[in-house]
Every structure is written in structure tokens, then in C-alpha cells.
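The values are calculated or read from the model by the stated rules, or taken from the named source; none is laboratory data. Since we're looking at a predicted model, the values are computed, not measured. Glycine gets a Cβ as well: all are built from the backbone with ideal geometry, and neighbour counts include every protein chain shown.
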Amino acid sequence: MPTPQRVLFLCDGNAARSQMAEGLLRALGGPGFEVHSAGLEPRPLHPLAVEAMAEAGIDIAGQRSKHLNEFLDTRFDRVITLCDRTRESCPDFPRDNETLHWAIDDPTAAPGTQAEQLAAFRRARDAIRREIERWLATTTKPHAT
């Protein structure tokens, strides 16, 4: 049986982008991936992230925000940062095979009405989906143990 690749998505608050990425990779990557997300300063899961993902048929309502410290002793095959601040601030993971950076705008910072804010979450979700699909098309598949 293949060993799933361990992937960690990192963002500042682990409230939106990294949570959406976790849900998307689980849905798109299937059992070949063990997916986690964390933040440098975790905040509660944003309800508009849950709503935007539900529109795409992915339920992330049961996910919880986690601090990066929960994973410092975990070996990941890939660590993917989703914002510049996290890329600059996160500790090195020298035991990991690959670190990637995808600069995704923070939807939690979007001004405007709730509808305008939801539109920002949709844009972030769609941008993350594109990055994941592009990455899945080029990444090595899980290997047998």
C-alpha cells in the first residue's frame, strides 16, 4: 500500500487560506495525501471560508485552527506557505523534501459588505484550487512502502 505524502499548509491565522487548502487537497488529492494546516497566530475558522468551500461541495466546518508548534516534530514531504509573512516568519523544515510558496491574497482582510467579503473568499478558494491542480499535475505520486 502506498505511503501517503504528508503536506502542511501554513498561513498566519489558519482561519481561511490554509484551511481551504487543507480541504481542497483532501478532496482533489484523495487518499494519497495526509493533509494538515496550521498558523503562526491561529484564529478561529472563518465562517466565510466554510461557506465558500461548501459552495464548492467541500465541508471544512469540522476542521480546527492549529498552531504551527503542534507540528514542529512532524516530518512533512511538502510544506506550502500561502502568504508572504508566513513565508518569511516560519521556521525552516530542513527534514522536509520540498517547501513551496503560493502568494494568495488574504480574504479575511477584504473590506466591504458581507457579499463583497464572500467574493474575496471565493477568489482565494479558486486561486488555491488552481495552485493545487497545477501542483498535483507535476508532483510525484505517493510511493509504495
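Among the conditions (1) surrounded by fewer than 21 Cβ atoms within 10 Å (Cβ to Cβ); (2) assigned to a helix (DSSP H, G or I); (3) among the polar types (S, T, N, Q), the only one that Ser65 does not satisfy is (2). Among the residues making up the stretch 6-50, a single one is among the hydroxyl-bearing types (Ser, Thr, Tyr) and without any contact (Cβ under 8 Å) to a residue 40 or more places away in the chain: Ser37.
Each row is one residue, and each column tells you yes or no for (1) of a type in the set (Asp, Glu); (2) in contact with a Ser or Thr (Cβ under 9 Å, 6 or more places away or on another chain).
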{"position": "Ala21", "(1), (2)": "no, yes"}
{"position": "Glu41", "(1), (2)": "yes, no"}
{"position": "Pro44", "(1), (2)": "no, yes"}
{"position": "Ala61", "(1), (2)": "no, no"}
{"position": "Glu70", "(1), (2)": "yes, no"}
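Please indicate, with yes or no, whether at least one residue in the stretch 33-41 is out of contact with any strand residue (DSSP E or B) (no Cβ under 7 Å at 6 or more places or on another chain), assigned to a helix (DSSP H, G or I) and more than 20 Å from Arg134 (Cβ to Cβ).
No.
State yes or no: is Leu48 of a type outside the set (Val, Ile, Thr) and either in a strand (DSSP E or B) or exposed (fewer than 15 other Cβ atoms within 10 Å of the Cβ) (or both)? Against the criterion (of a type outside the set (Val, Ile, Thr) and either in a strand (DSSP E or B) or exposed (fewer than 15 other Cβ atoms within 10 Å of the Cβ) (or both)), Leu48 does not qualify. Select from the stretch 103-117 the residues that are in a helix (DSSP H, G or I) and either small (Gly, Ala, Ser) or within 18 Å of the chain's Cα centre (by Cα) (or both) and list them in ascending order. Pro107, Thr108, Ala109, Ala115, listed by residue number.
As for the stretch 56-72, it holds at least one residue that is within 19 Å of Arg134 (Cβ to Cβ), in contact with a Lys or Arg (Cβ under 7 Å, 6 or more places away or on another chain) and in contact (Cβ under 8 Å) with a residue 24 or more places away in the chain. Every condition in (1) touching a Cys at 6+ places or on another chain (Cβ under 9 Å); (2) at pLDDT 95 or above holds for Leu68 except the one numbered (2).
I'm checking my understanding of the structure. Among residues of the stretch 118-145 that are polar (S, T, N, Q), part of a loop (DSSP other than H, G, I, E, B) and surrounded by fewer than 16 Cβ atoms within 10 Å (Cβ to Cβ), which one is modelled with the lowest pLDDT? Show your work before the answer.
From the stretch 118-145, those polar (S, T, N, Q) are 138-140, 145; that's our starting set.
Filter again for part of a loop (DSSP other than H, G, I, E, B), leaving 139-140, 145.
Narrowing further to those that are surrounded by fewer than 16 Cβ atoms within 10 Å (Cβ to Cβ): 140, 145.
Details: Thr140: 64, Thr145: 44.
Applying the filter and picking the extreme gives Thr145.
If you go through the stretch 40-62 one residue at a time, do you hit one that is out of contact with any Cys (no Cβ under 7 Å at 6 or more places or on another chain), over 21 Å from Asp106 (Cα atoms), charged (D, E, K, R) and at pLDDT below 95? There is no residue in the stretch 40-62 that is out of contact with any Cys (no Cβ under 7 Å at 6 or more places or on another chain), over 21 Å from Asp106 (Cα atoms), charged (D, E, K, R) and at pLDDT below 95.
Do we find that Ala115 is at pLDDT 95 or above and of a type in the set (A, V, I, L, M) in this structure?
Working: at pLDDT 95 or above: yes; of a type in the set (A, V, I, L, M): yes.
Yes, satisfied.
Of everything listed in (1) within 12 Å of the chain's Cα centre (by Cα); (2) in a strand (DSSP E or B); (3) modelled with pLDDT of 90 or more, the single unmet condition for Leu100 is (3).
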